[in-house]
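Each remark here refers to the structure printed beneath this line.
Values quoted throughout were computed directly from the atomic coordinates according to the rules given, and no laboratory measurement underlies them. Here the structure is a predicted model, which means the values were calculated and not measured. Backbone-built Cβ (ideal geometry, glycine too); neighbour counts: all protein chains shown.
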Amino acid sequence: MKILIAPDSFKGSLSAKEVSRILAERAKAYFPESEILSFPIADGGEGTLDCILDARKGERISLLVSDPLGRKIQSEYALLSDGTAVIEMAKASGLPLLTEKERDPVNTSTYGTGELIADALNRGAQNFILTVGGSATNDGGAGALEALGAIFLDQKGSVLHPKGGNLAWIQKIDLSLLHPGLSSAKFTLLCDVDNPLTGENGATKVFGPQKGGTEETLPLLEKGMVHYAQIVGQTLGRDHSRDRGAGAAGGLGFAALAFFDAAFASGIQTILSMTGFLKEVPTADLVLTGEGKIDGQSVFGKVLSGIGSACAPLSVPVIGFTGALGEGWESVYAIGIDALVPISQGPMSLEESICQSERLLSKAADRTFRLLTLKKRI
């Protein structure tokens, strides 16, 4: 039997690599003659950099950059052996970098992500993979552009340092000092959302609340984003605000599409291909996957949706492990996930579940594989 193990992380408790290790150990105990291959997976958000480095040869580059609030933090990106730079924006501009009280898209910026890109350009990188999940920002990518040399001016001609709350003050964008390496660099934007920049389905209204936007601030943020899109359109002579994925990562997708001429690609499908998972599916007998919480959102560009869409056409059975089932979890059955296994052993708090996650997952895997061995006896 050939078993593929391809989980996402259980955020806050286990990395994708740790989940893979636990499932592989328990599978081997019950099916010692099986071929077991592990592919820790991410969907383009937090953990994507580690996932790609695990699968491809490359160097981890560390440097000091600005976090979403402008504080200096140690961050990183990857330079693969073929010269491709992998920039995970969550490493510099991600929501996990802020406490609950600090989350406010009025005050956050993607400047640190721009610093990562600039460093890679300075090292000669010409091909970029930009992953944009998990952002804490709603600045339309203006902060990243500033770090790359763009100068934003207000109506008085004074330099303005853009963030979510002051986009409405921008009157001119000076691109004369934009990093020269951008003119020849090729960007691929890994994204599994197709939201435009503005409007009812745009960055602010759909994703702003989870970043700390309130009833008072969201209308101001949307007004600023609309104005910013107009200024960018005037500057470049073309409007990218309605492009697919422009609303990703608080509009960083918009900046990548407009200023970097980025190509759009599915995050989960690209990563499944880069890790080699897709090559192994046709000869697999069973796939094990999972994520910390499975709910109705799991069918939209998440790891489970990618795994299911790869396995269902080939009739490869898929079992998903999870820390919790949320509203709409049943929807994953329609995308190629055949069975779900919650790891909890009874009523417990989230804190208890996180603290015991390794033991709980191991025990859940034991129960699952014990059931599978009954096939020989029935």
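A few notes on this one:
- Using a Förster distance of 22 Å, the FRET efficiency for residue 17-residue 324 (Cβ separation, nearest 0.05): 0.60
- Normalised by the number of residues in the chain, the average gap of Cα pairs under 8 Å and 6 or more apart makes the relative contact order 18 percent.
- Computed over region 237-338: relative contact order in percent, which uses C-alpha pairs under 8 Å that are six or more apart: 24 percent
- For the chain, share of DSSP beta bridges that run antiparallel, in % to the nearest 5: 35 percent
- Stokes-Einstein diffusion coefficient of the chain, Kirkwood radius over Cα pairs, 10 °C, 1.306 mPa s, in µm²/s: 74 µm²/s
- DSSP beta bridges fully contained in region 48-267 are about 55 percent antiparallel.
- The stretch between residue 59 and residue 122 holds 21.1 nm of extra length on full extension. This uses 0.36 nm per residue minus the Cα-Cα distance.
- By the count of other C-beta atoms within 10 Å, a proxy for reagent exposure, 362, 176 are ordered fewest to most as 176, 362.
- Once the Kirkwood radius over Cα pairs is known for region 48-267, the Stokes-Einstein relation at 4 °C and 1.567 mPa s delivers a diffusion coefficient of 77 µm²/s.
- Under 5 Å, built H, 5+ apart or other chain: amide partners of residue 136: 94, 95
- The phi-based Karplus calculation (6.51 cos²θ - 1.76 cosθ + 1.60; θ = phi - 60°) puts the 3J(HN,Hα) values of region 17-23 at 5, 5, 4, 4, 4, 4, 5 Hz, whole numbers, x for Gly and Pro.
- Residues residue 1 and residue 352, FRET efficiency given R0 of 41 Å [Cβ-Cβ distance, rounded to 0.05]: 0.75
- A convex hull fitted around the alpha carbon atoms of region 251-305 yields 114 Å³ per residue.
- With N the number of residues in region 135-262, Rg(Cα) / (2.2 N^0.38 Å) evaluates to 0.98.
- Working note: 222 nm ellipticity from helices only, DSSP H runs with n ≥ 4, each -39,500 (n - 2.57), summed and divided by the residues of the chain, gives -9500 deg cm²/dmol to the nearest 500.
- Here the Karplus curve 6.51 cos²θ - 1.76 cosθ + 1.60, taken at θ = phi - 60°, turns the phi angles of region 133-141 into couplings of x, x, 7, 9, 10, 8, 10, x, x Hz, with x standing for Gly and Pro.
- Residue order, fewest to most surrounding Cβ atoms within 10 angstrom, among 254, 187: 187, 254
- Potential lengthening between residue 35 and residue 177 on full extension [0.36 nm per residue; Cα-Cα distance subtracted]: 45.7 nm
- Fewest-first ranking of 151, 335, 129, using other Cβ atoms within 10 Å as the exposure measure: 151, 335, 129
- Among the trypsin sites (Lys or Arg not before Pro) in region 189-294, those placed in a DSSP loop whose Cβ has at most 12 other Cβ atoms within 10 Å are 238.
- With contacts taken as Cα pairs under 8 Å and at least 6 residues apart, region 1-141 reaches a relative contact order of 22 percent.
- Per DSSP, loop GluC sites (Glu not before Pro) in region 150-230 with at most 15 further Cβ within 10 Å: 200, 215, 216
- 20 Å reach of a label modelled at residue 293, 7 Å along Cα-to-Cβ, counting backbone N of region 342-375: 342-358, 360-361
- Förster-model FRET efficiency, 56 Å R0, residue 153 and residue 375, C-beta, rounded to 0.05: 0.20
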